[in-house]
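The values are calculated or read from the model by the stated rules, or taken from the named source; none is laboratory data. What you see is a predicted model; the values in this text were computed from it and never measured. Cβ coordinates were reconstructed from backbone atoms using ideal geometry, including for glycine residues, and neighbour counts include every protein chain displayed. Only protein heavy atoms, including side chains, enter the accessible area calculation; ligands, DNA and RNA are left aside. Shrake-Rupley method; radii C 1.70, N 1.55, O 1.52, S 1.80 Å.
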Amino acid sequence: MPTQEDDDEYLALDGYEFFYEMQGRKFNTMNPTYMLPADNEEIQRFTLFHRLVKWVFCGNSFPGLVQETLESGEHHVLDVGTGRGDWAVELCDMFPSVHVTGVDLVPIQYQEVPPKCLFEIWDANAHDLPYGDRHFDLVHARAVHTGILDYPRFLCQVGRILRPGGLILLIEPDLRQWANNKPELKFKQGAGPRGWFTFWETYRSCLFAIGIDVTVPQRLKKLLEETNMFEQIEELEGEIPVGFYPIKRALLTVGQLQWMAYDLLLPALKPMFLSVGLPEASVDQIVKDAQHDLYYTKFKLSSRLRIAHARRRPN
Ligand SMILES: C[S@@+](CC[C@H](N)C(=O)[O-])C[C@H]1O[C@@H](n2cnc3c(N)ncnc32)[C@H](O)[C@@H]1O
């Protein structure tokens, strides 16, 4: 178990250090390919994202399928890449008889949690998930694919630990962007919000260089099918405005939350860009141009949220 020395520093009892610092930000030591920070600004970004997804699901983190799965009796739920644990804790509050385990690379979770909520430190990328076959009724993995090198293998692991009929719920932000409802690729060279698009191209290239498949979000259904372990596979796409232009109140809130989350994401990716060898001056310019487009764009920026769910096949 980690001990909390103070708010900023965690050491395991065996002296293992969970964090290192680079460029004034904190990162996890366990998985060198997950290059997003693990500090207070990043936790703030998770919170914005959590609120955004709730709005997408009409104010409820748990769509009907989750409620059906956990309806009666004792159940076990796993939240992979739990972050601060917002989803896990809310699930415990709503379904008090459910045992929820949240796993993450770093101990950044809430300290006081409901009795059946447990957080563990584990790298879903490096090893098999440390749970027995058919143990869980529900596995949730949200915004975690950029930390998983072999996503098909990860899905097979989830298939192994889910009971027959158990639910897998995957939610991933698409790493491509849209402007005036047109995808990046449809803009002629030099057209559109260039600074914004260049930032996202750079992000995808960095992930690709690290070994991450950046097409995972748009292929969730296909990837689930290819495991041969799931049935009732469904895929949904949420159009997420970025900014303050929507007229409808709910969409305006989503747009504001996404805008604030992206405002935090831009500087958070600087260390990743530098780590693949981009010169500091270019990185600063890429971030500055993207910030300019985010703050002053004449385009209606938007992004996409990819959601997929399926049930574990009986063997
Ligand atoms: C963008 S955050 C999302 C947090 C939370 N799932 C949410 O939706 O609010 C991604 C989280 O996944 C964790 N993560 C990334 N790769 C991981 C891996 N291979 N194993 C376990 N956790 C991982 C990160 O440490 C981070 O806390």
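Here are some notes:
- Taking amide H atoms as placed 1.01 Å from N in the peptide plane, the amide H of PHE119 lies under 5 Å from those of GLY102, each 5 or more residues away in sequence or on another chain.
- Degrees separating the helix 151-161 axis from the principal Cα axis of the chain, which is the longest one: 20 degrees
- Residue among LEU301, GLY277, HIS140 farthest towards the positive dipole end of region 2-312, charges placed on Cβ: LEU301
- Cleavage-rule hits, trypsin sites (Lys or Arg not before Pro), region 235-315, DSSP coil, Cβ neighbours within 10 Å at most 13: LYS248, LYS298
- What the Cβ-Cβ distance of GLU71 and PHE244 gives, at R0 = 35 Å and to the nearest 0.05, is a FRET efficiency of 0.30.
- Ordering 134-144, 118-128, 151-161 by mean Cβ neighbour count within 10 Å, with the highest value first, yields 134-144, 151-161, 118-128.
- Ranking TRP259, HIS127, VAL80 by how far each Cα lies toward the positive end of the dipole of the chain (charges on Cβ) leaves TRP259 at the top.
- Placing R0 at 30 angstrom, the Cβ-Cβ distance between HIS292 and ASP150 gives a FRET efficiency of 0.20 after rounding to 0.05.
- Estimated vicinal HN-Hα couplings, Hz - region 173-187 in sequence order (Karplus 6.51, -1.76, 1.60; Gly, Pro = x): x, 5, 8, 9, 10, 10, 9, 6, 6, 10, x, 2, 5, 7, 8
- Lacking any other cysteine beta-carbon closer than 4.7 Å, the following Cys residues of the chain have no compatible partner: CYS58, CYS156, CYS206.
- Alpha-carbon centroids, region 122-183 and region 262-295: separation in whole Å: 27 Å
- Relative contact order of the chain: 20 percent, from C-alpha pairs under 8 Å at least 6 residues apart in sequence.
- Of all DSSP beta bridges in region 2-312, antiparallel share, percent nearest 5: 60 percent
- In this structure, THR215 and GLU17 have a Cβ-Cβ separation that, at R0 = 30 Å, corresponds to a calculated FRET efficiency of about 0.30.
- Angle between the chain longest axis and helix 194-210 axis [Cα atoms, degrees, rounded to 10]: 50 degrees
- When the GluC sites (Glu not before Pro) in region 41-71 are filtered for DSSP coil states and for at most 15 other beta-carbon atoms within 10 Å of their beta-carbon, the remaining sites are GLU71.
- Sequence-distant residues sharing a close amide H with ARG304 (under 5 Å, placed H): ASP174, ILE240
- Loop chymotrypsin sites (Phe, Trp or Tyr not before Pro), region 229-315 (other Cβ atoms within 10 Å of the site Cβ: 11 or fewer; DSSP): PHE244
- Per-residue ellipticity at 222 nm computed for the chain from its helices equals -11000 deg cm²/dmol, with DSSP H segments shorter than 4 residues left out and the rest contributing -39,500 (n - 2.57).
- Here the simple spin-label model places points 7 Å from the Cα toward Cβ, and for GLU226 and HIS135 these points are separated by 2.7 nm.
- For the chain, the longest principal axis of the alpha carbon atoms and the long axis of helix 249-268 meet at an angle near 80°.
- Rolling a 1.4 angstrom probe over region 141-210 with all protein chains present gives an accessible area of which 57% lies on carbon and sulfur atoms.
- Entries in LYS186/LYS248; LYS188/LYS298; LYS186/LYS222 that, when Cα-Cα distance is taken, lie over 21 Å: LYS186/LYS248; LYS186/LYS222
- Computed 3J(HN,Hα) for region 162-170, one whole-Hz value per residue from the Karplus formula 6.51 cos²θ - 1.76 cosθ + 1.60 where θ = phi - 60°, is 8, 6, x, x, x, 9, 10, 10, 10, glycine and proline marked x.
- Residue by residue, region 300-306 carries 3J(HN,Hα) couplings of 8, 7, 8, 10, 10, 10, 9 Hz when phi is fed to the Karplus relation 6.51 cos²θ - 1.76 cosθ + 1.60 (θ = phi - 60°); x denotes Gly or Pro.
- Excluding ligands, DNA and RNA, the accessible surface per residue across the chain is 47 Å² with a 1.4 Å probe.
- Summing Cβ point charges (Lys, Arg +1; Asp, Glu -1) relative to the Cα centre of the chain gives a dipole of roughly 1680 debye.
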